[in-house]
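Visitor: Below you'll find the structure I mean.
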Amino acid sequence: MIKACCCALLILCGTSGLKAQSVTVEATIDSLQLLIGEQAKIKLQVSMDANQKLRLPLLRDTLVRGVEILDVAKPDTQLLNDNKRWLISQEYTVTSFDSALYYLPPFEVLVNDKAYRSKALALKVYSIPVDTLHPDQFFGPKSIQEVPLTWDDLAPLVYSILLFIALGVVTVFFVIRYRDNKPIIKIIKIEPKLPPHLAAMKKIETIKADKTAKREDPKAYYTELTDVIRVYIKERFGFNAMEMTSSEIIDRLMEEKDKDSIRDLKTMFETADLVKFAKYAPLMNENDMNLVNAVDFINQTKIEEDPNAKKEPTEIKVEEKRSKQGRIVLLCSIAITGIAALIALYLSVRHLIDLFF
């Protein structure tokens, strides 16, 4: 019976010992010796069960008299043994400005309101060596040294100047486009080139639809009509009718066609010359008749295109005026690029002052 009681007591004591060992506190220092003003790091580690509550020591400015605390890092927690154990670490940065051998007392933590302590530490702080053999010898102030400029010093200035130039050019471009009432980007359409007779008929339809010019400005009406015929003749017959007089055109056409086919065209050119140079006022039916004569000449002399032939492409540039929304976008672009250019200029000036003044 006595033997059984002794065994039970030993088991209880062993269990109590295991529970006592469930919390461990350890403090280490990375350097035991320092020069005045140097820094050392003290690491406090607490190992405990995950279901326990921990309270770390609250240390402010000094660890002991003569040893100052510069920084207290945030605690770091590691999970061990399938999250059943915690390893909590906290780091303290300390320094000292008095040479001495310092005793650093144990760190005390509370786990479930029970105190646990680490081992004590020691720190030796040395003063700066002094030449005791030559106490009168000292070194005066050094002369000013010129520091050479490197690319790292010049790079911000160069980049800010290049950025200012680029933004300034873009801003000026936007201002010019806004002043000229033009879009930022030109619209270019590529369309198949029309045969000479179709291009001429298209322009004649436009002239025919404009009845105001026919009635109020016959000079403009005949100038536009004869220009259409001159362009058609140039592309159809291959001679530069734009630089020739009316009589020269008729004489040249006589070599290409019979007289009957160009008799009506000759009448149209004669009427146009009278209107442009002699201020002749033709009648409305006369204007209509000359328009019909031009159409008949084109129909009689046109060359039907081969439907299987590949059409020659031509580029037609179209510039459209901006809409209200386009003007707003352009004004916003001017404001953004202008402000960005001013910021780049400010940075350039500031870097210039920092380097040379």
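Visitor: Too long at a 25 Å Cα-Cα cut-off: which of Lys211/Lys324; Lys41/Lys119; Lys219/Lys302; Lys193/Lys219; Lys234/Lys279; Lys211/Lys279?
Guide: Lys211/Lys324; Lys219/Lys302; Lys193/Lys219; Lys234/Lys279, as the Cα separations exceed 25 Å there.
Visitor: Do any trypsin sites (Lys or Arg not before Pro) in region 34-96 lie in a loop, going by DSSP, with at most 10 other beta-carbon atoms within 10 Å of their beta carbon, and if so which?
Guide: Qualifying residues, ordered by number: Lys53, Arg60, Arg65, Lys84.
Visitor: Would you please give the FRET efficiency between Ile128 and Ser31, computed as 1/(1 + (r/R0)^6) with r the Cβ-Cβ distance and R0 = 22 Å, to the nearest 0.05?
Guide: According to the calculation, E is roughly 0.85.
Visitor: Does a label point 7 Å from the Cα of Asp153, set along Cα-to-beta-carbon, have any residues of region 325-357 with amide nitrogen under 15 Å, and which are they?
Guide: 351-357
Visitor: For an R0 of 45 angstrom, estimate the FRET efficiency from the Cβ-Cβ distance between Asp251 and Gln325 and round to the nearest 0.05.
Guide: 0.20
Visitor: How much accessible surface area, in Å² rounded to 10, belongs to the heavy atoms of Arg327 with a 1.4 Å probe?
Guide: Result for Arg327: roughly 90 Å² accessible.
Visitor: Using a basic spin-label model with each label point 7 Å from the Cα along Cα→Cβ, how many nm lie between Ala278 and Asn83?
Guide: 11.1
Visitor: Further question: Within region 39-79, list the residues whose amide N lies under 14 Å from a label point set 7 Å along Cα→Cβ of Asn112.
Guide: Label zone hits: 48-55.
Visitor: Report the FRET efficiency, 1/(1 + (r/R0)^6), for Leu101 and Val72, where r is their Cβ-Cβ distance and R0 is 30 Å, rounded to 0.05.
Guide: Efficiency for this residue pair is about 0.80.
Visitor: Evaluate the charge dipole of region 33-152 about its Cα centre and quote only its size in Debye, nearest 20, assuming +1 on the Cβ of each Lys and Arg and -1 on the Cβ of each Asp and Glu.
Guide: Here the size comes out at about 780 debye.
Visitor: Which GluC sites (Glu not before Pro) does region 20-73 hold that lie in a coil by DSSP with at most 15 other beta carbons within 10 Å?
Guide: Glu38
Visitor: Rank these by accessible area, largest first, 1.4 Å probe: Trp86, Trp151.
Guide: Correct descending sequence by accessible area is Trp151, Trp86.
The values are calculated or read from the model by the stated rules, or taken from the named source; none is laboratory data. This structure is a prediction, so every number in the text was calculated from the model and none was measured. A quick note on method: Cβ atoms are made from the backbone with ideal geometry, for glycine too, and the neighbour counts reach across all protein chains shown. Only protein heavy atoms, including side chains, enter the accessible area calculation; ligands, DNA and RNA are left aside. Shrake-Rupley method; radii C 1.70, N 1.55, O 1.52, S 1.80 Å.
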